[in-house]
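Some notes on the structure that comes next.
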Amino acid sequence: MDLTPQQRRAATLAALLGNALEWFDFAVYGYVATPLGHAFFPAEDPGLQAVAAFGVFAVGYLMRPVGSLVLGPIGDLLGRRNMLSLSIVLMGAASLLIALLPTHAQWGAGAGLALLGLRMVQGFSVGGEFTGSMTYATEAARPGQQGLLASLATAGGLVGFSLGSLTVALLARALGDAAMDAWGWRLPFALGGLVALLGLWM
């Protein structure tokens, strides 16, 4: 792409931060899977709660190839920036809805199904974001720097995972186990929905 140095730096930063924010939202689920199991699946069998919660976690990964197959061509046809913006909106909306989702005690089995659907949207979203951000950074790079900038976008995913872990750890320490299990698990999802606005702005 024919870009100014300032535009190149902005594109690289957007790819790195956008990927970090997407993976923050995606990874938070894994760190609060146990409270999610308590909230969204029947309480008769705690082991089954854990299996169901982590099964929903796995579904996000199964949706990643689907997201890449759908969102990749959108990036080719409508522009990488538009595709990445769509991906961030999907992820942020799914995270915010998880934060607001009624539990099994309120909705019954419908709560677990809604959680499953929102997790599928998260996986679909990150499937387009991950490779799309690397492609975007590579296309915006100066000749000879494509590999470096693509790797920075990849590193953004690891930064997002780490920030998700740190956020949940700090919340658990500040709130305690009982509050984290009752309602504290909602906070990182709400935060993820809000920081998605930053990614969209970037």
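The values are calculated or read from the model by the stated rules, or taken from the named source; none is laboratory data. All values derive from a computational prediction rather than experimental measurement. No Cβ is skipped: glycine too gets one built from the backbone with ideal geometry, and neighbour counts run over all protein chains shown. What goes into the accessible areas is simple: the full protein's heavy atoms, side chains included, and nothing from ligands, DNA or RNA. Shrake-Rupley method; radii C 1.70, N 1.55, O 1.52, S 1.80 Å.
Some notes on this structure:
- Of the helices (runs of 4 or more DSSP H) contained entirely in the stretch 1-116, those carrying at least 2 residues that are without any contact (Cβ under 8 Å) to a residue 12 or more places away in the chain and more than 21 Å from Thr138 (Cα to Cα) fall at 46-78, 104-107.
- Candidates are the residues of the stretch 176-202 that are under 22 Å from Met83 (Cα atoms) and small (Gly, Ala, Ser); the one that is surrounded by the fewest Cβ atoms within 10 Å (Cβ to Cβ) is Gly193.
- Selection of the stretch 129-158 for residues being open to solvent by 30 Å² or more (accessible area, probe 1.4 Å) and either outside any helix (DSSP H, G or I) or at pLDDT 90 or above (or both) yields Arg142, Pro143, Gly144, Gln145.
- Single unsatisfied condition, Arg173 versus (1) surrounded by fewer than 19 Cβ atoms within 10 Å (Cβ to Cβ); (2) of a type in the set (Lys, Arg); (3) touching a helix residue (DSSP H, G or I) at 6+ places or on another chain (Cβ under 7 Å): (3)
- For the stretch 68-104, the tally of residues that are open to solvent by 50 Å² or more (accessible area, probe 1.4 Å) and basic (Lys, Arg) stands at 1.
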